[in-house]
Amino acid sequence: MEFALSQAKKTCPFLHVASTSSLRRLSTLPAGAQKSNALLNKAQQCPVMSKAMEAQATTTTTTATTSTTQQQTRTFSTSRASLQKPTPSVKAKAVENTDANNVAKEKPVAFNSKSKHFDYEGYYEHELSKKHKDKSYRYFNNINRLAQKFPRAHTARVEDEVTVWCANDYLGMGRSPVLTETMKRTLDRYGAGAGGTRNIAGNADLHLRLESELADLHHKEGALVFSSCYVANDATLATLASKLPGCVIFSDQLNHASMIQGMRHSGAQKKIFRHNDMAHLEELLQSVDPATPKIIAFESVYSMCGSIGPIHDIVALAKKYGAITFLDEVHAVGMYGPRGAGVAEHLDYDLNAAHPTMGNGSIVDEIDIITGTLGKAYGVVGGYIAASASLVDMIRSYAPGFIFTTSLPPAVVSGAMQSVKYLKVSNSERQMQQINTRVVKSRLAELGIPVVPNPSHIVPVLLGDAASAKLASDELLSEHGIYVQSINYPTVPVGEERLRITPTPGHNSEMIDHLVHSLETIWNRYGFRRVNDWAAEGGRAGVGMAQPAQVQPLWTNGQLGLDKVIESKAVKQQSSSTVA
Ligand code: PLP
């Protein structure tokens, strides 16, 4: 048994994160429990094992548990084709074999009846079983993105390569020599770690220079770098809203967890407005005393649906009601605007391209606090805020999330700075990314594969239930060599589960063909709903709606340099029809 466990742990990407004691506990029968095995239940929740078990009709004896873990080893090493392929007619069966049903078989947690002490392990298992029950349990795939083969990655086995279609390294900067060469040099010169907090030995010239770059990028007096934007959002909102006397925060319904956490930590009153609903925001603003300090917190690109925050309208309401604005541009920095400053910069594209400085009269200047990440389009890690000098100084002086933690390593800071500088002057990566996004969206639209309509670079493919989303994701990985993570509740509402596809400039036309063809195969095999099916049900998440909103991509044809291409195509078509 011990041998089987240690072998399984070496091979299985899921088991290897569990401790041997947890596995032993799962594999033994709890006192008084009926003859069932928790490890087997776990295996039934495993995307690989559940299929293998279905195929081989494994029995539930203790002996079978041992052979199950061994079988898992074999399943990983056999070809993809060896997994049983359900036919369309067994769709219901395939969907039945999911978390929810397995959870239903799970036994209630046996709390330690022999000891008076608290049963910690039992408690953890109990909490986890709740996650399985509400289908919010997260499976982490083992994905190792290959710097020399972007956007390819190997999975748990180095010889199994897949194409990654869901990374937030949107522009492939993470492996760009623009960064990596600088990072190697910085590592040799300054070593691995920062050596302390910003206050004690960890405040290098590199940190200060990065902050100057970021302040300039967003037309602000100052900027402050944090370990991540999760920390930046949490620390800034918590500090600011707890300091401002009686502060009320107005928060978009779809705001990211980091902002929600910051608001919670502040203890301030929070009013949630319906996503992008300006009438609702105004109604809520009206309900608060004009003299009360107010923060409106929102995002520019909402990453799970790709919608865009109405920046102009929110700034106008903030001015009218005496609020300050807190704009998260995490999914937009590097990606929009002539210098990659985000959506706010993009809204005045030509003005900002011609005069990229504070005080040029663009909407960027009107936003009080902008937050961004160095870990997505910029390809490294870290987060920041950009704002007035005094606000930045106040957060620097009061926010525990900034003060009491080791600062970012010098090599990371130099890489991030290089990336920000480079993307201030190079448009080609973000333009290519947008073009690939358009191609993927239009190819899927031709097939009626449902994409949540949006003007941004996100391609959310609607499945509508957790089991189908996971099935599609698992099948893409195991049968087609494509990695797209499924997105389930609570990241998206129940009933709006999806695949979130993020094209990059590194995806070539063969990769796009393969993605589209693979999705079509899966949609055919399982009879997943297409746009027409959603329309027949009255629409969902913007797909198949009776009166669809007109969505124009944020990057226009002109900004992408497509005007001339489209024009010359039209001329060609015209002249060929004239000749005919
Ligand atoms: N804000 C939004 C909207 C996000 O989606 C994320 C992360 O995905 C964050 C903030 C946190 O950024 P970081 O990854 O730098 O912690």
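The values are calculated or read from the model by the stated rules, or taken from the named source; none is laboratory data. No experiment lies behind these values; they were computed from the predicted model shown. Every residue, glycine as well, gets a Cβ built from its backbone with ideal geometry; the counts of neighbours run over all protein chains shown. For accessibility, only protein heavy atoms count, side chains too; no ligands or nucleic acids. Shrake-Rupley method; radii C 1.70, N 1.55, O 1.52, S 1.80 Å.
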What residues have an amide H closer than 5 Å to that of Asp328, excluding those fewer than 5 places away on the same chain, when H is modeled at 1.01 Å from N in the peptide plane? Phe298, Glu299, Ser300, Thr371
May I ask what percent, to the nearest 5, of DSSP beta bridges between residues of the range 195-425 are antiparallel? 40 percent
Starting at the first residue of the range 280-297, write each ³J(HN,Hα) from the Karplus equation 6.51 cos²θ - 1.76 cosθ + 1.60 with θ = phi - 60°, in whole Hz, x for Gly and Pro. 5, 4, 5, 4, 5, 5, 4, 7, 10, 3, x, 7, 6, x, 9, 10, 9, 10
Leading residue at positive end of dipole, the range 372-470 (Cβ point charges), from Gly401, Ser388, Ser419: Ser419
For the range 419-511, what is the accessible area per residue in Å² when the probe is 1.4 Å? 29 Å²
Restricting the range 151-192 to trypsin sites (Lys or Arg not before Pro) in coil, as DSSP defines it, with at most 16 other Cβ within 10 Å: Arg157
Could you tell me the extents of the range 195-425's C-alpha atoms along the three principal axes, largest first, rounded to whole Å? 48, 40, 32
Euclidean distance between Cα centres, the range 237-269 to the range 457-511, Å: 31 Å
What list of ³J(HN,Hα) values in whole Hz, one per residue of the range 485-497 in order, does the Karplus curve 6.51 cos²θ - 1.76 cosθ + 1.60 (θ = phi - 60°) give from phi, with Gly and Pro shown as x? 6, 7, 10, 10, 4, x, 5, 10, x, 4, x, 10, 4
